[in-house]
Amino acid sequence: MNAKLLIFSHSFEKNSINPLVNDLLHKVDPQKTWFKSCVALPIKCTRYTILRSPHVDKKSREQFESKIHKQLIYIYLNTKWVKSFLVLLKQQAGGGSQLKIRINYTTRLKR
């Protein structure tokens, strides 16, 4: 039986996502997995404009922006190795990034 892991990583800084993704792709044993890929998703940029003074000088404004960097990692592996991979993932997860994991199984009945 096979398992397909989709790992979504979100971060405000690109520097905190890249080391995590590189460590995951290099530390996974190639004998246990047969397909690994990393897809960079579009950057979400939101801009905020705020009045500096609510009473006077309506034309005086400040602008702020926040960017969210996202990446998607596909990993196919045997169901025996899912638990060990999740333990490895928990050890590798550092600060500054958020991970969402979705696991899909294929069984003999689905064929």
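The values are calculated or read from the model by the stated rules, or taken from the named source; none is laboratory data. Note that the coordinates shown come from a computational prediction; the quantities given were computed from them, not determined experimentally. Cβ sites come from the backbone with ideal geometry, for glycine too, and all protein chains shown count toward neighbours.
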Legend entry - Criterion: modelled with pLDDT of 75 or more, acidic (Asp, Glu) and within 26 Å of Asn2 (Cα to Cα) - qualifying residue of Asp29, Asp23, Asp57: Asp23
Legend entry - Close pairs (8 angstrom Cβ cut-off, 6 or more residues apart or separate chains): over 12 Å from Leu24 (Cα atoms) in region 76-92, hydroxyl-bearing (Ser, Thr, Tyr) and surrounded by 13 or more Cβ atoms within 10 Å (Cβ to Cβ) anywhere: Tyr76/Thr33; Leu77/Thr33; Trp81/Thr33
Inset, instruction - Kindly establish whether Glu13 is among the acidic types (Asp, Glu) and touching a Leu at 6+ places or on another chain (Cβ under 9 Å). - result: no
Inset, instruction - Would you please name the residue that is farthest from Gly96 (Cα to Cα), looking only at residues in region 15-42 that are touching a residue at least 40 places away in the same chain (Cβ under 8 Å), outside any loop (DSSP other than H, G, I, E, B) and aliphatic (A, V, I, L, M)? - result: Leu25
Legend entry - In region 3-51, residue farthest from Lys90 (Cα to Cα) [restricted to those that are exposed (fewer than 13 other Cβ atoms within 10 Å of the Cβ) and polar (S, T, N, Q)]: Thr49
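Do we find that Lys70 is touching a residue at least 24 places away in the same chain (Cβ under 8 Å), under 27 Å from Lys32 (Cβ atoms) and charged (D, E, K, R) in this structure? Steps first, please.
Numbers: touching a residue at least 24 places away in the same chain (Cβ under 8 Å): yes; under 27 Å from Lys32 (Cβ atoms): yes; charged (D, E, K, R): yes.
Here the answer is yes, as Lys70 does meet what is asked.
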Legend entry - Criterion violated by Gln71 - all others in (1) of a type in the set (S, T, N, Q); (2) at pLDDT 80 or above; (3) closer than 16 Å to Ala3 by Cα satisfied: (3)
Inset, instruction - Give the residues of region 43-89 that are among the β-branched types (Val, Ile, Thr), outside any strand (DSSP E or B) and closer than 29 Å to Ile17 by Cα, sorted by residue number. - result: Thr79, Val82, Val87
Legend entry - Of all residues in region 57-111 being more than 20 Å from Ser11 (Cβ to Cβ) and of a type in the set (Ser, Thr, Tyr), the one that is nearest to the chain's Cα centre (by Cα): Tyr76
